[in-house]
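S.K.: First the structure, then my questions, so here it is.
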Amino acid sequence: MRYKLKRKGSVFVLSVFVIAMLSTLVIGMLKINSGEIQLIRNQIYASQAVALAEAGLSAALAEMRDNALWQSGFDDVLVGSTPGFEGGEYDVEIDGSKIKVTGSVASWQGYTATVQAEVTISADDPHIIRIDSYRINEPFEE
């Protein structure tokens, strides 16, 4: 009878040990997955910032197509929230034939992207615009 009692106690200790090991494994996997989710979220915000900057470049090119002398740019153009897109804003600066657009996503992380293009505009109306160089998050050489 005594032998059975000792054996039942060892099974209990072994089962507690197995449960502790499995819990440790599950917690480790959850930490790895939460890190991967944050990496994916960062990639989404960075892509949204580039998309905003490219939207600003498109708006600037549309203005230049209508008026080749347009040089005023845009300040703090808000892009409304759409499903899956947190919204944000872009700025457009024009210096001669160089266009610099900065797009920023309205998130607490403050993601920004810069798109720069150097363009040539034809004299004919409607104006034909040729993009001579295009850079994302990279400055022009002065």
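The values are calculated or read from the model by the stated rules, or taken from the named source; none is laboratory data. Since the model is a prediction, treat every value here as computed from it, not as a measurement. Note that each Cβ is placed from the backbone with ideal geometry, even for glycine, and that neighbours are counted across all protein chains shown.
S.K.: Out of all the residues in segment 32-45, is one or more modelled with pLDDT under 85, of a type in the set (Asp, Glu) and out of contact with any helix residue (DSSP H, G or I) (no Cβ under 9 Å at 6 or more places or on another chain)?
M.R.: Within segment 32-45, none of the residues are modelled with pLDDT under 85, of a type in the set (Asp, Glu) and out of contact with any helix residue (DSSP H, G or I) (no Cβ under 9 Å at 6 or more places or on another chain).
S.K.: How many residues are under 21 Å from ASN137 (Cβ atoms) and either touching a residue at least 40 places away in the same chain (Cβ under 8 Å) or touching a strand residue (DSSP E or B) at 6+ places or on another chain (Cβ under 8 Å) (or both) if we restrict to segment 27-72?
M.R.: Selection size over segment 27-72: 16.
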